[in-house]
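The values are calculated or read from the model by the stated rules, or taken from the named source; none is laboratory data. Just so it is clear, the model here is predicted, and its values are computed rather than measured. When we count neighbours, we look across all protein chains shown, and the Cβ atoms used for this are built from the backbone with ideal geometry, even at glycine. Side chains are part of the model used for accessible areas, which takes the heavy atoms of the whole protein and leaves out ligands, DNA and RNA. Shrake-Rupley method; radii C 1.70, N 1.55, O 1.52, S 1.80 Å.
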Amino acid sequence: MEGQTSKVPGCKVVLLGDSGVGKTCIITRFVSSSFEANINSTNGASYCTKMVKYEELGKNLLLDVWDTAGQEKYRSLTKYFYKDAAVVILVYDITRKDSFDNMQNYWYNQLLENCGKDIVLGVAGNKCDLFESEEVDEKEAREFADKIGAIFELTSAQNNTGITEIFEQVGHKYLDPNFQQKIK
Ligand code: GTP
């Protein structure tokens, strides 16, 4: 098994966003197909891996998925985990406007300062199962994602909506030989 995975191209994927937006739950849903309502806040960072198969491309990709801490006390440390990322997924909580504002004004600016120019970007509007408490307009979020050249998905780690889709799409873009993303 190890021999097989070592031949597969790998790609570092980092999730960034405010504390509590659901980064850990998104990763757990993607990697372990499970959801836990009572979960501790992440300290520092952790990572896990999952293979994605692209049958139409005849390729597999090993995603190294990094979970980072959203809490302010870890912010000086967090940049060391994402500065060499190939893919970054910015996460906000659709029921918290502050998390959307911080994604645009803080997390995205951190990327501009610390990451390389050739990076695949995703934006995940998480907790879409709580749409009745929505504080962030989906259209506004899509416009922001378009502006920065990011793949956009509404996700719910709880209901398993959009999770596989966003990871598969960012991986697909990473494998695209024509991809020459420049952060604007
Ligand atoms: P930090 O580790 O502090 O950066 O937080 P985080 O972004 O990793 O958030 P985490 O995954 O720990 O989730 C925070 C809370 O949101 C937990 O109580 C989760 O159960 C809840 N949660 C996460 N995703 C969803 C979702 O899709 N829907 C709902 N309703 N709750 C969610």
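Give segment 95-120 a look and list any residue that's assigned to a loop (DSSP other than H, G, I, E, B) and within 26 Å of Lys12 (Cα to Cα), or say none. Quick ask: steps written out before the conclusion?
Step one: filter segment 95-120 for residues assigned to a loop (DSSP other than H, G, I, E, B), giving 95-96, 115-119.
Once the filter is applied, which keeps residues that are assigned to a loop (DSSP other than H, G, I, E, B) and within 26 Å of Lys12 (Cα to Cα), segment 95-120 yields Cys115, Gly116, Lys117, Asp118, Ile119.
Taken over segment 135-157, the criterion of being surrounded by fewer than 17 Cβ atoms within 10 Å (Cβ to Cβ) and among the acidic types (Asp, Glu) is satisfied by Glu135, Asp137, Glu138, Glu140, Glu143, Asp146. Residues that are in contact with a helix residue (DSSP H, G or I) (Cβ under 7 Å, 6 or more places away or on another chain), small (Gly, Ala, Ser) and near the ligand (Cβ under 9 Å from one of its atoms) within segment 4-42 comprise just one, Gly17. The set of residues in segment 26-40 that are of a type in the set (Gly, Ala, Ser) and open to solvent by 60 Å² or more (accessible area, probe 1.4 Å) comprises Ser32, Ser33, Ala37. The set of residues in segment 55-71 being touching a residue at least 40 places away in the same chain (Cβ under 8 Å) and either open to solvent by less than 10 Å² (accessible area, probe 1.4 Å) or farther than 13 Å from Val8 by Cβ (or both) consists of Leu61, Leu63, Val65, Trp66, Asp67, Thr68, Ala69, Gly70, Gln71.
Here Asn160 qualifies as open to solvent by 30 Å² or more (accessible area, probe 1.4 Å), at positive phi and not hydrophobic (A, V, I, L, M, F, W, C).
Among the numbered conditions (1) in a helix (DSSP H, G or I); (2) touching a helix residue (DSSP H, G or I) at 6+ places or on another chain (Cβ under 9 Å); (3) of a type in the set (A, V, I, L, M, F, W, C), the only one that Phe81 does not meet is (2). Of the set (1) open to solvent by less than 10 Å² (accessible area, probe 1.4 Å); (2) under 16 Å from Val21 (Cβ atoms), all apply to Phe167 but (2). Restricting attention to segment 146-160, the residues that are closer than 21 Å to Leu112 by Cα and in contact (Cβ under 8 Å) with a residue 24 or more places away in the chain total 6.
Summed over segment 139-184, residues that are over 25 Å from Thr49 (Cβ atoms), β-branched (Val, Ile, Thr) and in a helix (DSSP H, G or I) total 1. Looking at segment 52-69, is at least one residue within 16 Å of the ligand (Cβ to nearest atom), small (Gly, Ala, Ser), modelled with pLDDT of 95 or more and under 25 Å from Arg29 (Cα atoms)? For segment 52-69, residues within 16 Å of the ligand (Cβ to nearest atom), small (Gly, Ala, Ser), modelled with pLDDT of 95 or more and under 25 Å from Arg29 (Cα atoms): absent. Residue check: Lys147 meets all listed conditions (1) at pLDDT 95 or above; (2) more than 14 Å from the ligand (Cβ to nearest atom); (3) under 22 Å from Asp64 (Cα atoms) but one, namely (3). Taking the conditions (1) free of Cβ contacts under 8 Å to residues at least 60 places away in the same chain; (2) assigned to a strand (DSSP E or B) in turn, Val91 satisfies each one other than (1). Look at (1) of a type in the set (D, E, K, R); (2) more than 16 Å from the ligand (Cβ to nearest atom); (3) open to solvent by less than 90 Å² (accessible area, probe 1.4 Å) and you find that Asp84 fails only one, number (3). Of the candidates Val123, Val136, the single residue that is in contact with a Leu (Cβ under 8 Å, 6 or more places away or on another chain) and not in a helix (DSSP H, G or I) is Val123.
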